[in-house]
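Let me begin by presenting the structure, written as structure tokens, before commenting on it.
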Amino acid sequence: MLRTIMNKLPLLSLAAVFATTATIGMAQQSGTVRANHGAWSIVCDQPAGASSEQCALMQNVIAEDRPEMGLSVVVLKTADNQARVLRVLAPLGVLLPNGLGLNIDGKDIGRAYFVRCFADGCYAEVILEETLLKTLQAGMTATFIVFQTPEEGIGIPVDLTGFTDGFAALP
């Protein structure tokens, strides 16, 4: 159900726009919060060189038992409106070959692999296909799983309250 994006990265260059620092206690974002929908915010900014503003649905979370382990979860539409993307920024230090696991309400959805790392962390991205979108909209909690060792997965819960309304309001 999760399909990794590899060759579409130029279309998805919002990393600078929605930059976060997941390795500190509270993730920070650039842009303007336009609306809040439950646990989610719509954040908009105009990237340098872009002809129009771009917006994303976003939530920053921190593992309850590991304050150094935070994630930024971003849902956006590409500038050409040809794809919807789920992007997760994990802190540096995660084990890259294991990828990022996803469970929704206890059901294993699959794994996405990290596509690149920057100074602020490592990104996993997938095309948000209709099946995954509907699963997120119907769910209560998404748990993203990062690995620090091959044996040690850390589940970080993401509240899906407001996801459906936020996605519907996303320009």
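What follows draws every value from the coordinates through simple rules; no lab data is involved. Owing to the predicted nature of the structure, the values given are computational and were not obtained by experimental measurement. Cβ placement follows ideal geometry from the backbone for every residue including glycine, while neighbour counts extend to all protein chains displayed.
Expressed in nm to one decimal, what extension gain is obtained for the pair Ala63 and Ala79 from 0.36 nm per residue of sequence separation less their Cα-Cα distance?
Values: separation 16, 0.36 × 16 = 5.76 nm, distance 3.15 nm.
Length gained between Ala63 and Ala79: 2.6 nm.
Got a sec? How would Val73, Val146 order by Cβ neighbour count within 10 Å, fewest to most?
Fewest-to-most ranking of Val73, Val146: Val73, Val146.
Note the direction-averaged projected area, equal to a quarter of the hull surface, for the Cα convex hull of the range 44-122, in nm².
6.8
Where does the Debye-calculated log10 I(q)/I(0) of the range 38-171 sit at q = 0.11, 0.14, 0.15, 0.17 Å⁻¹, using only Cα point scatterers of equal weight, no solvent?
Rounded to two decimals, the profile gives -0.38, -0.62, -0.72, -0.92.
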